[in-house]
Amino acid sequence: MTEPSSDAMAELAALEEKAVALTFELSPGYAVSAGRHEYDGRLPSLSREATDTWVAEGDRVLGGLHALEARPLSRERTVDRLLLELLLEGSRFDLVDARLYDSNPMLYLSSISLSAYTVRPYAPMEARAEAMLRLVGAIPRFLEEATRRLDPVLPAPFLLLSASMGAGLPGHYAECESAIRAKLPAQANRFRDARARAEESLRRFLERLDSEYRPRQTREFALGAERFQRLLWVREGLRMSIAELKAAGLEDLRKNQERLATVAASREPPVTTVDLLASASGDHATAEQLLPEVRAFLEETKRWLAERDIVSLPEPAVCRVEETPVYGRSLSTASMDSPGPFEEGGTEGVYYVTPVDPTWSPERQEEWLRAMCRPILRNITVHEVYPGHYLQFLHLRRSAASLARKTYLSPSFVEGWAHYCEQLAVEQGIGGGQPIAEAVQLQDALLRNCRLLVSIGLHTEGMTLDEGTAFFRREGHMEQLPAERESIRGSFNPEYFCYTLGKLMILRARAKHAGADRASLKRFHDRILSSGCPPVGLLDSLLAAAPAGG
């Protein structure tokens, strides 16, 4: 291999800094969650003029990265150069091709959450309160920019979910004010005044969505085949065709359905798949005991992982369980808020679980609890915490990965790793090897298979939301409420194909790069986690570039 050029390596380092700065300028909330607290309290400028300027600067940096393609770089930095291209091309896709900021008001509402400043004490409360005050103070201008930018006709599911998200934000701000007031009364008074102005602008924004946009809402939201194909490249570095992706998803769906049927038939006496899953869903906590049981599963999975020794567990590893904030409950069943790769504070993670809504009917509450039964909660905990997302980000924090690799978060690697861990846990005997553990893991795998196939259907094949709901119910054995939520999610998040895609790509890499023994498996897991969260299309290149020892 040609020796790397010091000039080319220096040029790449300078372009890397510019590409990451542009990424954080467009998404300061992402920068904050990653631990870059110089971006605290900032909202992006999302006027068309500002984003046109961003695209022009991004294109200049992309030109510099393209020019380095023929220059000699080290093997690892060659991968980083492509990764930086994808980082910028992904943002350009969002702005220009998908036109997300013109069509989706949810993006604006998700930007004005203050959770990043309250979930963990990365700095004294005074500094975090000042950041919250700056952000809340900028909300009126930010929502006015949104009002000017949004298209005159918006997709119906985007409006529905925006109303739900927006309704939860005033309560979220009230909780933040209470947290500030407990320690800093003077700052709390300033926050109260800024909050009042922010909530008035939020009220006007939501009112306009309801009175002006809802009467003329559209059912059209699909990306279309050309943009969907482009999405696979800019997010995951994949040239795989939509047809190939669909075939892989269908094959995995059928394999998981057949295995689930085999598990059901092996029971004594044999049962149907439907009856097996019904027996699992009947084993659930009460609404009051839901979070305490999740905490118990968290400790159980951590002990199990330490005993199996199939991946390193960086310490200190501390995670607490909280209710999903109200404004996020329409979009999430459970989620993980991990410390970012640049975070200099503690390593504590926050595992959010969505509780039963007390305003629901008794029937709907029971339906939700059945969907959160004990075997499924254990599987979710594997996905979100150990050895899933939380462990994944502990590895990222301690790794010596480049700036590019610590910044780029591939959806298919992030979610694919966590989904792969569900299968890995069953392979390694979690739950004492009981068939019900495998059954619920397969049920969740079917959910992710359906997400991939419904994403393709909704965005490239003319599938309706009702047809998507029916697909989840029929192929994934889901009840009506969660099936409806899943179908609606696909309208604004076509990338929820990432779970199955990422899992399949990691399994392919494991077959190629890992042996059958436990020590070899651990080395493989540690190697891929030390590479950051790269586009899954680059996994082979990264494993080839990484030293075999770690």
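The phi-based Karplus calculation (6.51 cos²θ - 1.76 cosθ + 1.60; θ = phi - 60°) puts the 3J(HN,Hα) values of the range 474-480 at 6, 8, x, 6, 9, 7, 4 Hz, whole numbers, x for Gly and Pro.
The Cα center of the range 122-200 and the Cα center of the range 312-346 differ in position by 21 Å. Computed from backbone phi, the HN-Hα couplings of the range 23-37 come to 4, 6, 5, 6, 9, x, x, 5, 4, 4, 5, 7, x, 8, 7 Hz, rounded to whole numbers (Karplus: 6.51 cos²θ - 1.76 cosθ + 1.60, θ = phi - 60°; Gly and Pro given as x). Around Asp193, what is the net charge, scoring Lys/Arg as +1 and Asp/Glu as -1 over all other residues with Cβ under 15 Å from its Cβ? Net charge in that neighbourhood comes out at +2. Would you please state which residues of the range 137-157 a label at Arg214 would reach in this model, taking the label point 7 Å out along Cα→Cβ and a backbone N cut-off of under 17 Å? Backbone N within reach: 153-157. Taking a ≥ b ≥ c as the square roots of the eigenvalues of the alpha carbon gyration tensor, the range 145-205 is prolate, as a/c is not under 1.5 and a/b beats b/c. If you take the Cα centroid of the range 88-102 and the Cα centroid of the range 17-33, the two points sit 15 Å apart.
Taking 17 Å as the cut-off, the amide N atoms of the range 123-157 that come nearer than this to a point 7 Å along the Cα-to-beta-carbon line of Val318 belong to 123-125. Rounded is the label for the chain, because the ratio a/c of its alpha-carbon gyration tensor axes (a ≥ b ≥ c) stays below 1.5. Taking other Cβ atoms within 10 Å as a rough exposure proxy, Ile436, Ile376, Ile528 sort from fewest to most as Ile436, Ile376, Ile528. Mind checking which of Ala194, Leu238, Thr218 is farthest towards the positive end of the range 181-247's charge dipole, using Cβ charges of +1 (Lys, Arg) and -1 (Asp, Glu) about the Cα centre? Checked the options; the winner is Ala194. Computed about its Cα centre, the charge dipole of the range 6-216 is approximately 740 debye, with only Lys, Arg, Asp and Glu carrying charge at their Cβ. Highest mean first, the peptides 320-326, 261-267, 76-82 sorted by other C-beta atoms within 10 Å per residue fall in the order 76-82, 320-326, 261-267. Between the amide H of Val321 and those of Tyr351, distances stay under 5 Å, these residues lying 5 or more places away or on another chain, with hydrogens modeled in the peptide plane. Kindly identify the range 21-96 as rounded, prolate or oblate by the Cα gyration tensor criterion: order the square roots of the eigenvalues as a ≥ b ≥ c, call it rounded if a/c is under 1.5, otherwise compare a/b with b/c, prolate if a/b is larger, else oblate. Cα axes put the range 21-96 in the oblate bin.
Pairs over the 21 Å Cα-Cα cut-off, from the set Lys246/Lys406; Lys246/Lys503; Lys255/Lys503; Lys18/Lys406: Lys246/Lys406.
Highest mean first, the peptides 184-190, 34-40, 483-489 sorted by other C-beta atoms within 10 Å per residue fall in the order 483-489, 34-40, 184-190.
Coupling constants for the range 197-209 follow from the phi torsions by the Karplus curve (6.51 cos²θ - 1.76 cosθ + 1.60, θ = phi - 60°), and in residue order they are 5, 5, 5, 5, 5, 5, 4, 5, 4, 5, 4, 5, 4 Hz; glycine and proline get x. Here is how the number arises for the chain: DSSP H runs of 4 or more residues each give -39500 (n - 2.57), the sum is divided by the residue count, and the result at 222 nm is -21000 deg cm²/dmol.
Read-outs: derived from the displayed coordinates by stated rules, not from any lab. What you are looking at is a predicted structure, and each value in this text was computed from that prediction instead of being measured. We place every Cβ from the backbone using ideal geometry, glycine too, and count neighbours over all the protein chains shown.
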